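J.: Quick one: structure below, then a few questions.
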Amino acid sequence: MTDLVWKVKNFSELSAEEVYKILNIRQEVFVVEQTCYYLDADNYDQKAIHLWAEKNGEIVAYLRIFKENIKYPEASIGRVLTSKSVRGEGLGKILVGYSLQIIFNQLRSKSVRISAQDYLIKFYSNFGFVDTGKKYLEDDIPHTEMILKVD
């Protein structure tokens, strides 16, 4: 994992090439792999902090972070992904860990709310997220709302 380059940028700091790469990897994972047809360009990217890792110039892990009162009253993360080429190497854990550091240390938020695909509930539970009991279908995929609070 030493050959990774980590980047954190607000939307206004992204180059056209970076926006293209981000949209490309999100479509590869969420639209093509998960055969989920939805409008990815949801007008939230402009309000997000974008966190990703590149390997040999290609994005291999990505998520977007939202400050409080954008998606939820709490801070949140979304569009969390790792590319097929690095799955199983623990990069998803590092990615989410970095995002929580940004949320708690830089944004000074005390809680994070997420919309987790149900198959990832255990993954997020390992970070301390708890199931709120709110379950729903989002783009025909079962999701559960989860929250993480710190003192």
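J.: If a residue has to be surrounded by 17 or more Cβ atoms within 10 Å (Cβ to Cβ) and at positive phi to count, how many in the range 72-94 make the cut?
T.: 1
J.: Let me ask another. What residue, among those in the range 95-139 that are of a type in the set (S, T, N, Q) and closer than 16 Å to GLU74 by Cα, is surrounded by the fewest Cβ atoms within 10 Å (Cβ to Cβ)?
T.: Residue satisfying both the conditions and the ranking: ASN105.
Residues checked against (1) within 22 Å of MET146 (Cα to Cα); (2) without any contact (Cβ under 8 Å) to a residue 12 or more places away in the chain; (3) charged (D, E, K, R):
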| site | (1), (2), (3) |
| --- | --- |
| THR2 | no, yes, no |
| GLU13 | no, yes, yes |
| GLU17 | no, yes, yes |
| GLU28 | no, no, yes |
| GLU33 | no, no, yes |
| THR82 | yes, no, no |
| LEU91 | yes, no, no |
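J.: Let me ask another. Restricting the range 108-151 to residues that are out of contact with any Lys or Arg (no Cβ under 7 Å at 6 or more places or on another chain) and among the small types (Gly, Ala, Ser), which is farthest from GLN34 (Cα to Cα)?
T.: The residue in question is SER109.
J.: Can you tell me which residue within the range 26-82, out of those that are over 21 Å from LEU14 (Cα atoms) and acidic (Asp, Glu), is modelled with the lowest pLDDT?
T.: Selected residue: GLU33.
J.: Here is a further query. Would you please list the contacts, defined by Cβ atoms under 6 Å and residues six or more apart or on different chains, that run from a residue in the range 119-134 that is farther than 13 Å from LEU148 by Cα to a residue that is at pLDDT 95 or above?
T.: Taking only residues 6 or more apart or on different chains, the pairs are LYS134/GLU145.
J.: Next question, about the same structure. Need a quick list: strands (runs of 3 or more DSSP E) entirely within the range 42-148 having at least 2 residues that are among the polar types (S, T, N, Q).
T.: So the answer is 75-82, 111-117.
J.: Here is a further query. For the range 9-41, enumerate the residues that are in a loop (DSSP other than H, G, I, E, B) and of a type in the set (D, E, K, R).
T.: Of everything in the range 9-41, just one residue is in a loop (DSSP other than H, G, I, E, B) and of a type in the set (D, E, K, R), namely ASP40.
The values are calculated or read from the model by the stated rules, or taken from the named source; none is laboratory data. Treat the numbers as computed from the prediction; the structure is a model and nothing was measured. So basically every Cβ, Gly included, is an ideal-geometry build from the backbone, and we count neighbours across all protein chains shown.
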